[in-house]
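S.K.: Pasting a structure here, questions to come.
The values are calculated or read from the model by the stated rules, or taken from the named source; none is laboratory data. Remember, it's a predicted structure, so these values are computed and weren't measured experimentally. Don't worry about glycine lacking a Cβ; one is built from the backbone with ideal geometry, like all the others, and counts go over all protein chains shown. Just so you know, the surface numbers come from the protein's heavy atoms only, side chains and all, with ligands and any DNA or RNA stripped out. Shrake-Rupley method; radii C 1.70, N 1.55, O 1.52, S 1.80 Å.
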Amino acid sequence: MTDPQVGVLMLGLFIAIILLGFPIAFTLIALAVGFGYYAQGNIVFSLLVQRTYGVMSNDILISVPLFLFMGYIVERSNVLERLFHSLQVAMKGVPASLAVATLATCAMFATATGIVGAVVTLMGLLAFPVMLKVGYDVKLSAGVITAGGCLGILIPPSIMLILYGATAGVSVVKLYAGAIFPGFMLAGLYMLYVVGRTLINPRLAPKLPTEQTDIPYVQIFKMLLTSFVPLAILITSVLGAILFGLATPSEAAALGALGAILISIGYKRFNISMLKESVFLTARTSAMVCWLFVGSWSFSSVFSILGGHEVVEHWFTVMQLSPIQFLILAQIIIFLLGWPLEWSEIIIIFVPIFLPLVKFYGIDPLFFGILVALNIQTSFLTPPMAMAAYYLKGIAPPHIKLTEIFAGCLPFVFMVIIAMALLYIFPGIALWLPSVLY
Amino acid sequence: MQRFLFFIDHTSVWVGKTFGWCILALTLATSYDVFMRYAFRAPTDWGYDASYMLYGSLFMMAGAYALSRNGHVRGDVLYRFMPIRWQAGVDLTLYFIFFFPAVIALMYSGFEYAKMAWVIKEHSALSPDGPPLYHFKSLIPLAGFFLFLQGIAEVVRCVRALKTGEWPQRLSDVEELEKQILKDAQQGMTGDEILAAVATGKHKEDKQ
């Protein structure tokens, strides 16, 4: 066997073993060591330790545990309930006001925490019963909660873009600038869809009884001031500091974590046990993400030493794709990978395999990253592996069927695809802001 | 045997949690550095080195802790539908084919790497008067060692699951909020009860 063939064998073996369900980080390290030893002998050991140290001293990944920590603190600071109630009354004039307020709450909370599961389960307990009680359509209600909860991994400051930046060598600052408008565009499309459907068929989202919404403006303003405003300040100052170059992403993340602690003190929720919970969860999740990097960087070094990348490139050149066809094919593959895999694995392990091709076809890795970020939204929403749907099912009343929740997710998956098409036709949506700022 | 398992678990958890506090130190140190830069135009000269060392120590030393909580991601499309004995059999085999070789390679290469840093008394070249790097680099073989230890405990778990058809219990520990909420819901708590538990941070386990 020639070396490139061995490289392909290595990739094939890896995919087979992923399906067996062994912890991926160690599978990657072991395959890197085994195949590296075959290719280069003892040198593989210094390669492994250098890649490990490379992850340990990587100044982009420092912001990962910091953003996680910020997220865990915000998640535990009881801001969500206040946020939902105040947005709900503030939006009372809007058609389908509860659904729109749910979307807005999910999007904002998920942006601050960056965690999908928590917001879906919490909003499933908070907003779902309220919507059902007023007579909202089950599918529509389920859809806004699941789709809204996933927006946090797209809208900056999101951890996913840091992982992509570290993997692809694209500046995180530019990625953040590039993702802002696509993120808002997707949230806007979701809202348009909800409002549009309600205008066509008002029975989907009946108006609230007036006694529930009849609250004086001064009080609504006060409610917003204690829920929406602190969180909005936290998010915009973290993002603003990064975009205007006042602080690096990791510095801004540290300030964000500190701000989150201050907010939780403000809500009288800060105590030692919630701090401990957040610290320990941060340690575990950071270990999970960063050990995956140790594995992936070792693996892809050995893969490229063996010449595996050239083989993959050769396959694509044989197909004689145009850049557009390549882009669509790549997105379809990533879409399909979203079924068996989680987004962190897709970004850390499979994006490096696509990247040389992205450059080969002359596509801007920044643009590709934003498309991937949009695409990965679907991996939470597309049956049969839609995690967001399972989270909602877990806490929904027993009479709600999983199929109803799936059916509720689907229109939002179409919105994501529309957003990707719009982004492809008008790349300026992503590329304009980075080009103005830098 | 259970005591031996829990001893290893406790060690991994203790190491992971202790190094977990690096995140608080990282938050405060970085914030202080930024504050000094803007308020007094006097950024610290240790800020940069401290930041990656705290971050690196955090995730390296929490590796075994995450393993003890089954926290390293698996592609579990098929795995989750397998009977427990199959899961244990697959895990047991792959621990020996993949996990131990990987971790031993990491210990071996990390040891040589750290030894070199100690021999030349390596200091960080990233900042003037950089702090020593050899302690930091020594964490690589050390993290490998704790992973190795936890790997033994996991292998014992697999063997027992093969025998009994059930996964042995793990230590109870803080869970992700969504997992906690789903667990509460399965135990028959109503939505309002769960929300109240989340709001106060007092879930059922805590009361016991």
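S.K.: I'd like the full set of residues that are assigned to a helix (DSSP H, G or I), more than 7 Å from every other protein chain (Cβ to nearest Cβ) and either touching a residue at least 60 places away in the same chain (Cβ under 8 Å) or not hydrophobic (A, V, I, L, M, F, W, C) (or both), limited to region A:2-26.
M.R.: Listed by number, the residues that qualify are A:D3, A:P4, A:Q5, A:V6, A:G7, A:V8, A:M10, A:L11, A:G12, A:F14.
S.K.: Taking region B:161-184 on its own, how many of its residues are touching a helix residue (DSSP H, G or I) at 6+ places or on another chain (Cβ under 8 Å), over 28 Å from A:S286 (Cβ atoms) and either at pLDDT below 85 or open to solvent by 30 Å² or more (accessible area, probe 1.4 Å) (or both)?
M.R.: Number of matching residues: 2.
S.K.: Restricting attention to region A:351-379, which residues are open to solvent by less than 20 Å² (accessible area, probe 1.4 Å) and of a type in the set (F, W, Y)?
M.R.: Passing the criteria: A:F354, A:F367, A:F368.
S.K.: On to the next question. Working carefully through the options B:P141, B:P132, B:P128, find the one that is open to solvent by less than 90 Å² (accessible area, probe 1.4 Å), more than 24 Å from the chain's Cα centre (by Cα) and of a type outside the set (G, A, S).
M.R.: Exactly one residue qualifies, and that residue is B:P132.
S.K.: Say whether the condition of being within 14 Å of chain B (Cβ to nearest Cβ), assigned to a helix (DSSP H, G or I), over 30 Å from A:A419 (Cβ atoms) and without any contact (Cβ under 8 Å) to a residue 60 or more places away in the chain is met by at least one residue in region A:228-251.
M.R.: Within region A:228-251 (the criterion being within 14 Å of chain B (Cβ to nearest Cβ), assigned to a helix (DSSP H, G or I), over 30 Å from A:A419 (Cβ atoms) and without any contact (Cβ under 8 Å) to a residue 60 or more places away in the chain), the answer is yes, since at least one residue qualifies.
S.K.: Now for a separate question. In region B:155-204, what residues are within 12 Å of chain A (Cβ to nearest Cβ) and charged (D, E, K, R)?
M.R.: B:D173, B:E175, B:E176, B:E178, B:K179, B:K183, B:D184, B:D192, B:E193, B:K202
S.K.: Can I ask one more? Would you check which residues across region A:118-131 are in contact (Cβ under 8 Å) with a residue 60 or more places away in the chain and open to solvent by 10 Å² or more (accessible area, probe 1.4 Å) and list them?
M.R.: A:L125, A:P129
S.K.: Okay, next question. For region A:97-117, does any single residue satisfy the condition of being open to solvent by less than 10 Å² (accessible area, probe 1.4 Å) and at the interface with another protein chain (Cβ under 8 Å from one of its Cβ atoms)?
M.R.: Checked against the condition, which is being open to solvent by less than 10 Å² (accessible area, probe 1.4 Å) and at the interface with another protein chain (Cβ under 8 Å from one of its Cβ atoms), region A:97-117 yields at least one hit.
S.K.: Can you tell which of B:A88, B:A105, B:A25 is in a helix (DSSP H, G or I) and within 30 Å of A:F67 (Cβ to Cβ)?
M.R.: B:A25
S.K.: Could you look through region A:252-269, keep only residues that are without any contact (Cβ under 8 Å) to a residue 24 or more places away in the chain and more than 7 Å from every other protein chain (Cβ to nearest Cβ), and pick out the one that is most open to solvent (accessible area, probe 1.4 Å)?
M.R.: Per the stated criteria, the residue is A:K268.
S.K.: Those residues that are β-branched (V, I, T), away from chain B (no Cβ under 14 Å) and open to solvent by 10 Å² or more (accessible area, probe 1.4 Å), I need them from region A:383-408; list them, please.
M.R.: A:T403 - this is the single residue of region A:383-408 that is β-branched (V, I, T), away from chain B (no Cβ under 14 Å) and open to solvent by 10 Å² or more (accessible area, probe 1.4 Å).
S.K.: Can you find a residue in region A:100-108 that is in contact with a Phe, Trp or Tyr (Cβ under 6 Å, 6 or more places away or on another chain) and either closer than 29 Å to A:T282 by Cα or part of a helix (DSSP H, G or I) (or both)?
M.R.: Checking region A:100-108: at least one residue is in contact with a Phe, Trp or Tyr (Cβ under 6 Å, 6 or more places away or on another chain) and either closer than 29 Å to A:T282 by Cα or part of a helix (DSSP H, G or I) (or both).
S.K.: B:Y38 passes all but one of (1) modelled with pLDDT of 95 or more; (2) open to solvent by 10 Å² or more (accessible area, probe 1.4 Å); (3) not charged (D, E, K, R); which number fails?
M.R.: Condition not satisfied by B:Y38: (1).
S.K.: How about region B:41-84: which of its residues are out of contact with any Lys or Arg (no Cβ under 9 Å at 6 or more places or on another chain), open to solvent by less than 20 Å² (accessible area, probe 1.4 Å) and among the hydrophobic types (A, V, I, L, M, F, W, C)?
M.R.: B:L58, B:F59, B:M60, B:M61, B:A64, B:L67, B:V73
S.K.: Pairs under 7 Å by beta carbon, first residue charged (D, E, K, R) in region B:71-82, partner assigned to a helix (DSSP H, G or I), six or more apart or different chains?
M.R.: B:R74/A:I24
S.K.: Consider region A:270-291. How many of its residues are at the interface with chain B (Cβ under 7 Å from one of its Cβ atoms) and not aromatic (F, W, Y)?
M.R.: Selection size over region A:270-291: 12.
S.K.: Here is a follow-up. Provide a single number: the residues in region B:52-70 that are touching a residue at least 24 places away in the same chain (Cβ under 8 Å), facing another protein chain (nearest Cβ under 7 Å), assigned to a helix (DSSP H, G or I) and over 15 Å from B:L24 (Cβ atoms).
M.R.: The number of residues fulfilling the criteria is 5.
S.K.: Now for a different question. In region A:62-82, is there at least one residue being over 30 Å from A:T121 (Cβ atoms), surrounded by 24 or more Cβ atoms within 10 Å (Cβ to Cβ) and in contact (Cβ under 8 Å) with a residue 12 or more places away in the chain?
M.R.: Within region A:62-82, not a single residue is over 30 Å from A:T121 (Cβ atoms), surrounded by 24 or more Cβ atoms within 10 Å (Cβ to Cβ) and in contact (Cβ under 8 Å) with a residue 12 or more places away in the chain.
S.K.: To continue, here is another question. Would you check if A:I272 is aliphatic (A, V, I, L, M), within 30 Å of B:E176 (Cα to Cα) and open to solvent by 20 Å² or more (accessible area, probe 1.4 Å)?
M.R.: Yes, satisfied.
S.K.: Hey, among the residues in region A:64-73 that are facing chain B (nearest Cβ under 9 Å) and of a type outside the set (V, I, T), which one's nearest to the chain's Cα centre (by Cα)?
M.R.: If we take residues in region A:64-73 being facing chain B (nearest Cβ under 9 Å) and of a type outside the set (V, I, T), then A:L68 is nearest to the chain's Cα centre (by Cα).
S.K.: Counting just the residues of region A:292-304 that are open to solvent by less than 20 Å² (accessible area, probe 1.4 Å) and among the hydroxyl-bearing types (S, T, Y), which one comes out farthest from the other protein chains (Cβ to nearest Cβ)?
M.R.: Checked region A:292-304; the qualifying residue farthest from the other protein chains (Cβ to nearest Cβ) is A:S301.
S.K.: Taking the residues in region A:27-61 that are in a helix (DSSP H, G or I) and within 24 Å of the chain's Cα centre (by Cα) as candidates, determine which candidate is surrounded by the most Cβ atoms within 10 Å (Cβ to Cβ).
M.R.: The qualifying residue surrounded by the most Cβ atoms within 10 Å (Cβ to Cβ) is A:L28.
S.K.: Further, regarding this structure: Given the conditions (1) open to solvent by 40 Å² or more (accessible area, probe 1.4 Å); (2) at pLDDT 95 or above; (3) of a type outside the set (G, A, S), and given that B:C22 satisfies all but one, which numbered condition is not satisfied?
M.R.: (1)
S.K.: Under the condition of being in a loop (DSSP other than H, G, I, E, B) and open to solvent by 80 Å² or more (accessible area, probe 1.4 Å), which residue from region A:195-215 is modelled with the highest pLDDT?
M.R.: The qualifying residue modelled with the highest pLDDT is A:K207.
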